[in-house]
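Chemist: Quick one: structure below, then a few questions.
The values are calculated or read from the model by the stated rules, or taken from the named source; none is laboratory data. Bear in mind the structure is a predicted one, so any value in this text is a computation, not a measurement. Here Cβ is always computed from backbone atoms with ideal geometry, including for glycine, and neighbour counts include all displayed protein chains.
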Amino acid sequence: MRVRSVLSAVLIVCLALALVGCGGSGKKSDTIKIGWLGPKTGDTALWGQAEYDTVAMLIEDYNTKGGIKVGDKTYKLEFIGYDDKGDSTEAVNIIKRLTSQDHVSAIVGPQGSGEAIPIASYANEAKVPVVATTATNPKVTVTENGTVNSAMFRACFTDPYQGSVAATFAFDKLGKRKAAIFMSVDDAYSAGLTQFFKETFIKMGGTVVAEVSFTAGEKDFRAPLTKIKAANPDVIFMPNYYNDVAISAKQARELGIKAVMLGGDGWPSENLISLAGNALEGCFFVNHLDFNDPDPAIQSFKKAFKDKYGRNAELNSYMAHDSLTMIIDAIQRAKSTKGEDIIKALETTDIQGVTGHIKIGATHDPVGKDAAIIKIVGPDMLFQEKMQGK
């Protein structure tokens with residue numbers, strides 16, 4: 001009985017070890033975990049869902065083709081994404097989970113500067129690279145004291161560049177001299193873009209005749225818009241997201257404001273024109289690319305997204321594409337799945353994305369990217385011209 005009991009115990013232990021993959025009999029397949037965070041609910045959920053769907057589609061495509069080669073190994077990719085609801089606290093909770101529990105190798109997103117800035121210190125500490133999609137505020141990659149956030153990168157150009165492009169276009173191309181600014185007081189993106197537009201416009205010889213703000217969540221903008229009307233500007237700079245832009249533009253026209261409206265990369269959306277009607281006819285915004293560019297890379301991606309999801313790709317789709325492309329390129333050049341090795345490789349990124357040539361500079365931002373000026377004509381967003389900021 002004693003011998004039989006001992007043998008039974010040994011068999012039970014061996015079975016348990018086999019079930020958990022011990023003893024060399026249950027080797028786990030090699031995978032690289034890619035994280036994502038962005039809004040799938042809230043005011044900018046349209047963009048977040050576009051990013052999520054893009055990364056999921058691309059990762060599925062990589063895996064269908066057998067995965068990616070890293071050194072002498074081939075890895076499949078595993079996608080782990082979370083809804084940050086466009087909330088900074090939620091974003092911090094997610095970055096902690098992705099780095100300490102999910103153990104991802106790299107992260108795509110977030111889209112908003114308000115979410116990207118507070119997660120930077122956690123990414124730095126964990127040594128897990130983050131490639132933001134459309135977070136344009138300079139503080140995403142560089143702190144207040146000028147220190148570069150070691151783990152933070154982005155695929156998009158920055159607010160100083162974008163604000164300079166918008167101001168230069170207003171002054172040089174449109175011939176405007178009196179600008180009003182209508183911005184969101186509690187949004188890092190809106191505040192940053194406002195600062196750099198104003199600095200450039202004034203430096204060029206223009207005058208800011210009014211600067212009024214609103215609080216996120218408002219639906220009636222008539223009071224601040226009345227102040228803008230009284231200032232009689234010939235251009236209104238609106239560094240806001242498409243939903244606020246559409247509603248405020250309609251109300252501005254109802255108040256009799258006829259000035260040209262100008263914005264940044266928060267404008268482009270499939271829903272902008274449907275919400276604004278003809279209120280934005282003849283107005284302009286700065287974008288990262290021209291959606292109708294015949295470039296085969298742009299049109300191929302555009303078609304693939306439409307074929308899979310039955311809707312058009314948003315701007316954030318293209319930016320998420322390039323953010324993931326940067327990560328895959330860095331992993332392969334590093335020949336490593338370790339975050340700190342990927343970070344080093346990202347610092348020397350020099351690739352062609354669908355949004356243009358991406359060469360990462362000393363501040364972990366792309367350098368020399370063109371900006372596209374888009375004009376709204378009827379129901380269409382038509383390419384106007386390419387510009388470089390001053």
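Chemist: I need the full set of residues from segment 253-266 which are assigned to a loop (DSSP other than H, G, I, E, B) and either at pLDDT below 90 or surrounded by fewer than 23 Cβ atoms within 10 Å (Cβ to Cβ) (or both), in order please.
Modeler: Correct list: L255, G256, I257, K258, A259.
Chemist: Here's something else I'd like to know. Of the residues Y75, Y62, only one is over 30 Å from W267 (Cβ atoms), part of a helix (DSSP H, G or I) and over 21 Å from the mean Cα position of the chain (by Cα); which?
Modeler: Y62
Chemist: Working only within segment 99-113, note down all residues that are in contact (Cβ under 8 Å) with a residue 24 or more places away in the chain and surrounded by fewer than 14 Cβ atoms within 10 Å (Cβ to Cβ).
Modeler: Result: S100, H103.
Chemist: Listed residues D329, D370; which is modelled with pLDDT of 95 or more and either crowded, with 22+ Cβ neighbours inside 10 Å or not aliphatic (A, V, I, L, M) (or both)?
Modeler: D329
Chemist: Report, by residue number, each residue of segment 32-57 that is touching a Gly at 6+ places or on another chain (Cβ under 8 Å) and surrounded by 24 or more Cβ atoms within 10 Å (Cβ to Cβ).
Modeler: G35, W36, L37, G38, P39, W47, G48, E51, Y52, V55
Chemist: Do we have S269 as of a type in the set (S, T, N, Q), within 15 Å of D43 (Cβ to Cβ) and assigned to a loop (DSSP other than H, G, I, E, B) here?
Modeler: Working: of a type in the set (S, T, N, Q): yes; within 15 Å of D43 (Cβ to Cβ): yes; assigned to a loop (DSSP other than H, G, I, E, B): yes.
Yes: the conditions hold for S269.
Chemist: Regarding S150, is this residue polar (S, T, N, Q), outside any loop (DSSP other than H, G, I, E, B), assigned by TED's automatic domain parsing to the domain that holds I331 and surrounded by fewer than 24 Cβ atoms within 10 Å (Cβ to Cβ)?
Modeler: Values: polar (S, T, N, Q): yes; outside any loop (DSSP other than H, G, I, E, B): no; assigned by TED's automatic domain parsing to the domain that holds I331: yes; surrounded by fewer than 24 Cβ atoms within 10 Å (Cβ to Cβ): yes.
No: the conditions fail for S150.
Chemist: May I pose another question? Can you tell me which residue is surrounded by the fewest Cβ atoms within 10 Å (Cβ to Cβ) among those in segment 61-80 that are among the hydrophobic types (A, V, I, L, M, F, W, C) and over 15 Å from S336 (Cα atoms)?
Modeler: Out of the qualifying residues, it is I80.
Chemist: Related question: Restricting the search to segment 65-98, which residues are without any contact (Cβ under 8 Å) to a residue 40 or more places away in the chain and among the β-branched types (V, I, T)?
Modeler: Scanning segment 65-98 gives T89, V92.
Chemist: With the structure loaded, tell me whether D172 is surrounded by fewer than 15 Cβ atoms within 10 Å (Cβ to Cβ) and either at pLDDT 95 or above or not β-branched (V, I, T) (or both) or whether it fails that test.
Modeler: It is true that D172 is surrounded by fewer than 15 Cβ atoms within 10 Å (Cβ to Cβ) and either at pLDDT 95 or above or not β-branched (V, I, T) (or both).
Chemist: Still on this structure, please answer the following. Taking segment 272-303 as the search range and keeping residues that are assigned to a strand (DSSP E or B) and of a type in the set (F, W, Y), which one is surrounded by the fewest Cβ atoms within 10 Å (Cβ to Cβ)?
Modeler: Checking each candidate, the answer is F284.
Chemist: Identify, from the list I358, I342, the residue that is touching a residue at least 40 places away in the same chain (Cβ under 8 Å), in a strand (DSSP E or B), of a type outside the set (S, T, N, Q) and under 30 Å from E125 (Cβ atoms).
Modeler: Working: I342 fails: in a strand (DSSP E or B).
Being touching a residue at least 40 places away in the same chain (Cβ under 8 Å), in a strand (DSSP E or B), of a type outside the set (S, T, N, Q) and under 30 Å from E125 (Cβ atoms) holds for just one of I358, I342, which is I358.
Chemist: Let me spell it out: the conditions are (1) in contact (Cβ under 8 Å) with a residue 24 or more places away in the chain; (2) within 11 Å of V131 (Cβ to Cβ), and D329 meets all of them except one. Which number is the exception?
Modeler: Checking D329 against (1) in contact (Cβ under 8 Å) with a residue 24 or more places away in the chain; (2) within 11 Å of V131 (Cβ to Cβ), the one that fails is (1).
Chemist: If I ask for residues that are over 20 Å from I358 (Cα atoms), among the aliphatic types (A, V, I, L, M) and in a loop (DSSP other than H, G, I, E, B), which ones from segment 118-147 would you list? Spell out how you get there, then give the answer.
Modeler: Step one: filter segment 118-147 for residues over 20 Å from I358 (Cα atoms), giving 118-128, 143-147.
With the extra rule that they be among the aliphatic types (A, V, I, L, M), the set shrinks to 119-120, 123, 126, 128.
Listed by number, the list holds a single entry, V128.
Chemist: Tell me which of these K219 doesn't satisfy, since it passes every other one: (1) farther than 25 Å from V367 by Cα; (2) surrounded by 16 or more Cβ atoms within 10 Å (Cβ to Cβ).
Modeler: That leaves (2) as the condition not met.
Chemist: Considering each of L225, L193 in turn, give the residue that is touching a Pro at 6+ places or on another chain (Cβ under 7 Å) and either part of a helix (DSSP H, G or I) or more than 15 Å from C283 (Cα to Cα) (or both).
Modeler: Going through L225, L193 in turn, the sole match is L193.
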